[in-house]
1. Taking the condition of being buried (at least 16 other Cβ atoms within 10 Å of the Cβ) and more than 9 Å from chain A (Cβ to nearest Cβ), how many residues in the range B:51-68 meet it?
2. Looking at A:T109, A:T104 in this structure, which one is facing chain B (nearest Cβ under 8 Å), buried (at least 18 other Cβ atoms within 10 Å of the Cβ) and in contact with a Phe, Trp or Tyr (Cβ under 7 Å, 6 or more places away or on another chain)?
3. Quick one: count up the residues across the range B:52-98 that are under 20 Å from A:R50 (Cα atoms) and in contact with an Asp or Glu (Cβ under 8 Å, 6 or more places away or on another chain).
4. Return yes or no: is B:T107 surrounded by 13 or more Cβ atoms within 10 Å (Cβ to Cβ), more than 30 Å from A:N31 (Cβ to Cβ), among the polar types (S, T, N, Q) and within 14 Å of chain A (Cβ to nearest Cβ)?
5. Looking at A:R63 and the list (1) at positive phi; (2) in contact with a helix residue (DSSP H, G or I) (Cβ under 9 Å, 6 or more places away or on another chain), which single condition is not satisfied?
6. Restricting the search to the range A:15-49, which residues are touching a Phe, Trp or Tyr at 6+ places or on another chain (Cβ under 7 Å), within 24 Å of B:W34 (Cα to Cα) and of a type in the set (A, V, I, L, M, F, W, C)?
7. Restricted to the range B:50-80, and to residues that are assigned to a strand (DSSP E or B) and at pLDDT below 95, which residue is nearest to B:H29 (Cα to Cα)?
8. Given (1) in contact with a helix residue (DSSP H, G or I) (Cβ under 9 Å, 6 or more places away or on another chain); (2) in a strand (DSSP E or B); (3) more than 22 Å from A:I46 (Cβ to Cβ), where does B:Q36 come up short, assuming only one miss?
Amino acid sequence: AQTVTQSQPEMSVQEAETVTLSCTYDTSENNYYLFWYKQPPSRQMILVIRQEAYKQQNATENRFSVNFQKAAKSFSLKISDSQLGDTAMYFCAFIHLNAGNMLTFGGGTRLMVKP
Amino acid sequence: AAGVIQSPRHLIKEKRETATLKCYPIPRHDTVYWYQQGPGQDPQFLISFYEKMQSDKGSIPDRFSAQQFSDYHSELNMSSLELGDSALYFCASSLVGITEAFFGQGTRLTVV
């Protein structure tokens, strides 16, 4: 079974600063994808960034980037130039391609961006 | 662009009643997933469908059933509701072979 662990229940950051959210996962498989989803107060689940396990290069999407350490099974999210609209719950998630495309989520990290 | 549509957005039911949640996937998406997110919890996978057939099953109670129809919309039927069924129910859709799933806005079910 796959597990996803987010060790930081809550974090805060000043506007315009950088913050890193941690995520570790456990799997014995090689063919998988990792995701970060954002859930703002509206409760909508929004995909932030995606990483294919076979790619060594870390994914980036504008102010969002990941540090993917496959051997360590670590997948952290860095948010640069934090904005007030980044305030949300952030979920790390995992898909194992050979066992269906259902997402396994971590417990989430609540991020508060302070003005 | 069209997104995943879920209805209703909010639903209040009494214990032991039945509820039906509906999900309309993004046009041309052939796969639908249902997730349950309890208060303060992460979403848990319930069940998925591909081309109208159940493809995977997660932690879905026997009191719940779901199906995908010929127009690809899906319905989650929940019977003998319990207080613990109160949660946000998400539907997501994707194209087979594409890992990115798009979520609807969820249906908030409250059982009283």
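1. Count: 4.
2. Among A:T109, A:T104, only A:T104 is facing chain B (nearest Cβ under 8 Å), buried (at least 18 other Cβ atoms within 10 Å of the Cβ) and in contact with a Phe, Trp or Tyr (Cβ under 7 Å, 6 or more places away or on another chain).
3. 3
4. For B:T107, the condition - surrounded by 13 or more Cβ atoms within 10 Å (Cβ to Cβ), more than 30 Å from A:N31 (Cβ to Cβ), among the polar types (S, T, N, Q) and within 14 Å of chain A (Cβ to nearest Cβ) - is met.
5. Checking A:R63 against (1) at positive phi; (2) in contact with a helix residue (DSSP H, G or I) (Cβ under 9 Å, 6 or more places away or on another chain), the one that fails is (1).
6. A:C23, A:L34, A:W36, A:M45, A:I46, A:L47, A:V48, A:I49 - these are the residues of the range A:15-49 that are touching a Phe, Trp or Tyr at 6+ places or on another chain (Cβ under 7 Å), within 24 Å of B:W34 (Cα to Cα) and of a type in the set (A, V, I, L, M, F, W, C).
7. Taking the candidates together, the pick is B:Y50.
8. Only one criterion is unmet by B:Q36, namely (3).
The values are calculated or read from the model by the stated rules, or taken from the named source; none is laboratory data. Keep in mind that this is a model prediction, so the values were computed, not measured. Glycine also receives a Cβ, built like all others from the backbone with ideal geometry; neighbour counts cover every protein chain displayed.
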